[in-house]
1. Of B:ALA245, B:ALA273, B:ALA234, which residue is under 22 Å from the mean Cα position of the chain (by Cα), at pLDDT below 90 and on the phi < 0 side of the Ramachandran plot?
2. Can we say B:GLU94 is exposed (fewer than 15 other Cβ atoms within 10 Å of the Cβ), more than 14 Å from every other protein chain (Cβ to nearest Cβ), of a type in the set (Asp, Glu) and closer than 23 Å to B:ARG12 by Cβ?
3. Just name the residue that is nearest to B:TRP203 (Cα to Cα) out of those in region B:220-275 that are among the acidic types (Asp, Glu) and surrounded by fewer than 17 Cβ atoms within 10 Å (Cβ to Cβ).
4. Does B:ARG80 satisfy the criteria of being in contact with a Ser or Thr (Cβ under 9 Å, 6 or more places away or on another chain) and of a type in the set (Lys, Arg)?
5. Looking for whichever is within 14 Å of another protein chain (Cβ to nearest Cβ) and surrounded by fewer than 18 Cβ atoms within 10 Å (Cβ to Cβ) here; the options are B:PRO117, B:PRO166. Which one fits?
6. Name the single residue that is modelled with the lowest pLDDT among those in region B:7-23 being in contact with a helix residue (DSSP H, G or I) (Cβ under 8 Å, 6 or more places away or on another chain) and open to solvent by less than 20 Å² (accessible area, probe 1.4 Å).
7. Does any residue of region B:251-268 turn out to be within 17 Å of the chain's Cα centre (by Cα), aliphatic (A, V, I, L, M) and not in a loop (DSSP other than H, G, I, E, B)?
8. Any residue in region B:48-65 that is open to solvent by less than 50 Å² (accessible area, probe 1.4 Å), of a type in the set (S, T, N, Q) and modelled with pLDDT under 90?
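The values are calculated or read from the model by the stated rules, or taken from the named source; none is laboratory data. Keep in mind that this is a model prediction, so the values were computed, not measured. Cβ placement follows ideal geometry from the backbone for every residue including glycine, while neighbour counts extend to all protein chains displayed. Accessible surface areas use protein heavy atoms only, side chains included; no ligands, DNA or RNA. Shrake-Rupley method; radii C 1.70, N 1.55, O 1.52, S 1.80 Å.
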Amino acid sequence: MIPTRRLLGPVAPRSSYYQSDYTQGPSLIRARKPFLVKNLLTGAAILALTGSIYLYTIKAVAQDNFEDVTVPDAPTQPAKTPNVGTSTITSGPLGK
Amino acid sequence: MDKSPSPSMRERAAAIKRTAYCPHPDHASSPQHVKFTCSDCGVPTYCSEDHWAADYENHILICDALREANEDDHDLRSGRFFPEFEYPGEQMDEALINFTNWDTFLYTRDFRAVNDPRSLRQVTRLLTYPITIASFLHELSPYNLRHRLTIEGLKSVSALRYTLHPPKTGGGKDMKGIRITPPPVRIFMLGARAESSLPREVWHQLTHMFPISTFHLVFIGPESLDGRSSELPAPDRTDSNPFGAIVERVSHNMKISTFVEHYHTLHATGTFAPFDPYFDCFVLFHPGLGHPGSAAEWENTLPKLLETKCPVLVTGYTENDMERDVNWINDKCKGEFDMLLEPGENRFKSLRWDINDADPTDLSQGNWGVWSFRGKRYEATRKDVEEV
């Protein structure tokens, strides 16, 4: 199978170090070879650092079990409000 | 090789048969010229098929390299288009050159991609000469104090780098931009053979790596015009040109002079004096200092080289060749010279194998090894005067 990219041809003149399907040519692979291991190690180190920061953050947040917030046993009753519900007016013109 | 379609290769095969001797141990006392051509590598290496078969275990070690060298020679004569021999222009200020190895160098110098190993061998065979010099002199050199360069070596190359990498002066092409320019860096190539006939654009690569400085390449040696006398007839010796030097101006920042003369003759006349370690450098490409055939000639030149106190960069074809040169220098002038670059393999050696016509089993690579020395400098010391 020929990749579709190769059939379409190059879009713009570009570095001869890449093949027509935009993969690295042998010379570029050879030129990058001395740095491959070091670059992979650096990449792994950076990934490990960001990953560890992420995991630590998740863990640190997950640890907060809201101990400092006092939770009452029963739901609090709302304060008695006047003029609501059955009439409790006992005096005045409306009083019975 | 002797059935090659190329006449010059057939001549070469005939030359090998005329000069080379069979390496089979039977011929230790009675040497015999080679006649038999190995069918794998195509190079005549033995006197008969029997000896070839008997000594095959030794031949198999070099057979692949011989075949490669033979194919590369044919490739050069094939008349194909050589895209690898197109060289890039000046290096951008912002782009740094990576001198780690050939591949990183070609990539950072913006060469066209050389994907084929054979093309790489052909192009490194030519570029090894200027790049070996540049890899020693450039500020991004792979040789440093942790890697082969000695303290004395750092002193010498720092002086040259001071000239080769000058600060920007703000100079330009108009009247306002006129600045005093320093004299060119002179690189003397003694005992020049193949390097003096390299295409000039190959030597011009040197200036592209040091765009602000100027160069004067001086090829000196009795063989420096070999094979080119028809193309460049040496001028007559006149009062203004007493040694019949050929001067070529390659560009505004490079001049090339060729002297068909021994260096010690020129040195005695003071043509190039005074020498300045900030501007001058000697390069000896495979000089064969310790080779029995050429050591006698170098013996006159060596004291003159040490006298100049300029760095001398030396290369060798093989490890043995280089070690023989180092030992010879150690023999001749122990204590009179400082090692600048410890002998070792050259990062920018030619990747192509070269067949020695006089002995096809002796394969070599151009500029395989590189090392450097300089005449010892005696610093002024204080001597306490005895009180009377």
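1. B:ALA245
2. no
3. B:GLU248
4. In short, no.
5. B:PRO117
6. Restricting to residues being in contact with a helix residue (DSSP H, G or I) (Cβ under 8 Å, 6 or more places away or on another chain) and open to solvent by less than 20 Å² (accessible area, probe 1.4 Å), the top hit is B:CYS22.
7. yes
8. yes
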